[in-house]
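The values are calculated or read from the model by the stated rules, or taken from the named source; none is laboratory data. Here the structure is a predicted model, which means the values were calculated and not measured. Methodologically, a virtual Cβ is constructed for each residue, glycine included, from the backbone with ideal geometry; neighbour enumeration extends over all protein chains shown.
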Amino acid sequence: MSAKENIQRFGRALSAMVMPNIGAFIAWGLITAIFIQNGWWPNEHIAKMVAPMLKYLLPTLIAFTAGKNVGGYRGGVAATVAAMGVIIGTDTPMFLGAMIMGPLAGWCIKKFDSLVKGKVGAGFEMLVDNFSLGIIAMILAITGYLLIGNVVSGITNALSSGVNWMLRHGLNPLLALLVDPAKVLFLNNAVNHGIMTPLGIQQAADIGHSMLFLVDPNPGPGLGIILACWVFGKGMTKQSAPGAAVIQLFGGIHEIYFPYVLARPVLLLPVMLGNVCALSFFTLTDFGLVAPASPGSLISIILMSPRGRMLIGIMGVIIGTAISFLLSIPIIKSRPDFQGEVEGGQPTGQSLPGSSVLTANSGNTQGIHKIIFACDAGMGSSALGATRFKARLMKAGLADILCSNAAVDEIPADADLVICQQTLAERSASVLASRAGIPPEKAAAQVIPLVNFLSDPALDALIGQLQESHSSGPASAVPAETPAEKPGSYDGNAILRAEDICLGLPSESKESAILRAGHMLEASGRVGYGYAEAMLEREKAVSTYMGMGIAIPHGTSQAKEKILKNGIVVLQYPDGVDFGEEKANLVIGIAGEGDDHLDILARLSETLGDEEVLQKLFSTDDRNYVLETLGGHKEN
């Protein structure tokens, strides 16, 4: 493994400890900003929560997450106990200590479990599991209390002193020269949450705010690049910029501007100088945020600003935008690829990475059932890309194709196609090959690298290929004609319509099947966005397998408000989907308003009581048969 890959891996590990807990950091930050003595609404009683949350809650969450990432849930529990040793052993907030003890505890548990695997006698498993965890956690906690805590405290104090020295001498703006190049290489989450956030919280605990929370999250420098492309660019560059500007400023997804910089790395200079100027302004005004701004949007910066200093934060964003915008103009105007012109004998945007992949996949798109958008953290750009592409799939009549997002290192093994930024293509292929157990060359053929998640010819081509293959595909494909054109089909108010039926689907995990059913309900307009995930939560609580090869997943009671009208979708798996020890050949997703789902369940139970009918439903390739058997009821 190269030095670059090791650095990226270390950065991802740091980020993975903090990012899942950002909500807790924001909760602490809001309590701090609102209720401390100099807050928006001072309240001495509520403000008593600030110090304990800083000392105990936040480091413990980091430790648990880190331990779980390495050693599973047992590793998380051991990490929590181990972290308490360093937390109690010193007066310094132990963020760095938690980031050390968490992975260490997870590793110890993982190694112990591998050593005793298959060697524990029957009936002694629980005894060994509980006592091994307790003994390991105890030893680590004592070690942390007596030794590691004091060492880490010294390191933390030294780092804090260094940060304070830079602040006193006005050198903090130079951090932009280190951070911004790392950002566009998709190390932004690692830098921000793995390094700046822990140091910033330490500083905020001392002086009430920290400028380190602004080194990475300021959306201004990236926004300046996008605005310059909007005003002075042409062609695809200009078309994609308006949407990107809104997402950058208010959504805080900075990955949206990375493709513009990666297309012409010289644009990194305007970004860095814009950030240097903004940080210089913050230094001169002694401005910082009380807690991390995540995502890095204007809204987050406003909410995390100290009382009475909100306008300074806004001005810093404007300064970063203006400097970056002005410095980008000559670059944008002079580059053919930003002007929609031909360069190197190829029309711009037509020789993008991914075109060869699409060619390799052409003819195979008929077998695509699950598309994954991947980014480094699995939250920002990939979530945006998946959401937008899912909407395009729905409009194209391809709602039976599951589209989701994931971190690069968590790409599921059953992904048929992975879409990622160009710089992550090789890593995505490597992860997919490892997880799916397929040759690297085959995995590479299943990865489409993009320049821009918002607007890319590769996505347009993919939609076209999927429509073409599915319109002439097997019975499982959604038909091109409308339900009214098919015999036995009902109108939009029917409980079940032709496009709500998918036949002959290949086996997949129950989670994928449930999400597929949920997304089809969303696409049909029966439920709002997020119902599919609520169905998955319901399955985790209580299995929806009903017996006789039938599973009827539906949302949690809390998701009732997302149901817009009654309906069902039917997914047929001839080879079955594993629901524990049983296989479901029919997965029937339900959306029922109020208690109407009970009526739907009763109707289904009555219809599916005939075993001969049931067996035919498991194997038929006739959508009309399924429609006539299950869809004979309309809404009132």
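Quick check on the range 550-583: of everything there that is part of a loop (DSSP other than H, G, I, E, B) and buried (at least 21 other Cβ atoms within 10 Å of the Cβ), which residue is nearest to the chain's Cα centre (by Cα)? Show your work before the answer.
The first filter runs over the range 550-583 and keeps only residues part of a loop (DSSP other than H, G, I, E, B), leaving 552-556, 564-566, 580-581.
If we keep only those that are buried (at least 21 other Cβ atoms within 10 Å of the Cβ) too, we end up with 552-555, 566.
Details: Ile552: 27, Pro553: 24, His554: 23, Gly555: 21, Asn566: 30 Å.
Among residues in the range 550-583 that are part of a loop (DSSP other than H, G, I, E, B) and buried (at least 21 other Cβ atoms within 10 Å of the Cβ), the one nearest to the chain's Cα centre (by Cα) is Gly555.
Among Gly76, Gly39, Gly23, which is the only one that is in contact (Cβ under 8 Å) with a residue 12 or more places away in the chain, part of a helix (DSSP H, G or I) and either of a type in the set (Gly, Ala, Ser) or surrounded by fewer than 16 Cβ atoms within 10 Å (Cβ to Cβ) (or both)?
On the way: Gly39 fails: part of a helix (DSSP H, G or I); Gly23 fails: in contact (Cβ under 8 Å) with a residue 12 or more places away in the chain.
Unique residue meeting the criteria: Gly76.
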Residues of the range 117-134 that turn out to be in a helix (DSSP H, G or I), of a type in the set (A, V, I, L, M) and more than 26 Å from Ala13 (Cβ to Cβ), as a count: 3
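Among the residues of the range 380-410 satisfying the criterion of being of a type in the set (A, V, I, L, M) and in contact with a Ser or Thr (Cβ under 6 Å, 6 or more places away or on another chain), which is surrounded by the fewest Cβ atoms within 10 Å (Cβ to Cβ)?
Looking at the filtered set, the residue picked out is Ala386.
Restricting to the range 192-231, name every residue that is aromatic (Phe, Trp, Tyr) and either within 23 Å of Gly39 (Cα to Cα) or at pLDDT below 80 (or both). Steps first, please.
Our first condition is that a residue be aromatic (Phe, Trp, Tyr); within the range 192-231, this holds for 213, 230.
Within the range 192-231, Phe213 is the sole residue that qualifies.
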Unmet criterion (only one of (1) touching an Asp or Glu at 6+ places or on another chain (Cβ under 6 Å); (2) more than 25 Å from Val18 (Cβ to Cβ)) for Gly274: (1)
Filtered residue count, the range 84-110, keeping only those that are farther than 18 Å from Leu199 by Cα and under 29 Å from the mean Cα position of the chain (by Cα): 8
Tally of residues being surrounded by fewer than 20 Cβ atoms within 10 Å (Cβ to Cβ), outside any helix (DSSP H, G or I) and in contact (Cβ under 8 Å) with a residue 60 or more places away in the chain across the range 288-317: 2
Selected residue [in a helix (DSSP H, G or I), of a type outside the set (Lys, Arg), out of contact with any Leu (no Cβ under 8 Å at 6 or more places or on another chain) and under 25 Å from Phe373 (Cβ atoms)] from Leu262, Leu227: Leu262
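Residue by residue, here is whether (1) assigned to a loop (DSSP other than H, G, I, E, B); (2) within 18 Å of Leu450 (Cα to Cα); (3) in contact with a Phe, Trp or Tyr (Cβ under 8 Å, 6 or more places away or on another chain); (4) among the β-branched types (Val, Ile, Thr) holds:
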{"position": "Ala383", "(1), (2), (3), (4)": "no, yes, yes, no"}
{"position": "Thr387", "(1), (2), (3), (4)": "no, yes, no, yes"}
{"position": "Lys390", "(1), (2), (3), (4)": "no, yes, no, no"}
{"position": "Leu393", "(1), (2), (3), (4)": "no, yes, no, no"}
{"position": "Ala399", "(1), (2), (3), (4)": "yes, no, no, no"}
{"position": "Cys403", "(1), (2), (3), (4)": "no, yes, yes, no"}
{"position": "Ala406", "(1), (2), (3), (4)": "no, yes, yes, no"}
{"position": "Asp414", "(1), (2), (3), (4)": "yes, no, no, no"}
{"position": "Ile419", "(1), (2), (3), (4)": "no, yes, yes, yes"}
Odd one out for Val271 among (1) farther than 23 Å from Asn172 by Cβ; (2) hydrophobic (A, V, I, L, M, F, W, C); (3) buried (at least 24 other Cβ atoms within 10 Å of the Cβ): (1)
Every residue from the range 417-452 that is surrounded by 18 or more Cβ atoms within 10 Å (Cβ to Cβ), under 25 Å from Arg516 (Cβ atoms) and either touching a residue at least 40 places away in the same chain (Cβ under 8 Å) or basic (Lys, Arg) (or both): Leu417, Val418, Ile419, Cys420, Ser428, Ala445, Gln446, Val447, Ile448, Leu450
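Here is a check on your reading of the model: is Met535 surrounded by fewer than 21 Cβ atoms within 10 Å (Cβ to Cβ) and either hydrophobic (A, V, I, L, M, F, W, C) or under 26 Å from Met394 (Cβ atoms) (or both)? Let's see the steps before the verdict.
Values: surrounded by fewer than 21 Cβ atoms within 10 Å (Cβ to Cβ): no; either hydrophobic (A, V, I, L, M, F, W, C) or under 26 Å from Met394 (Cβ atoms) (or both): yes.
So Met535 does not fit the description; no.
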Near pairs, Cβ below 7 angstrom, 6+ apart or cross-chain, from the range 216-228 (under 15 Å from Pro265 (Cα atoms)) to any residue that is of a type outside the set (S, T, N, Q) and in a loop (DSSP other than H, G, I, E, B): Gly222/Tyr257; Ile225/Tyr257; Ile226/Tyr257
Residues that are of a type outside the set (Val, Ile, Thr) and surrounded by fewer than 14 Cβ atoms within 10 Å (Cβ to Cβ), drawn from the range 538-547: Lys540, Ala541, Gly547
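A quick yes/no check of all residues on (1) farther than 26 Å from Phe258 by Cβ; (2) more than 18 Å from the chain's Cα centre (by Cα); (3) of a type in the set (Val, Ile, Thr):
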site	(1), (2), (3)
Lys395	yes, yes, no
Ala407	no, no, no
Thr423	no, no, yes
Val431	no, no, yes
Glu441	yes, yes, no
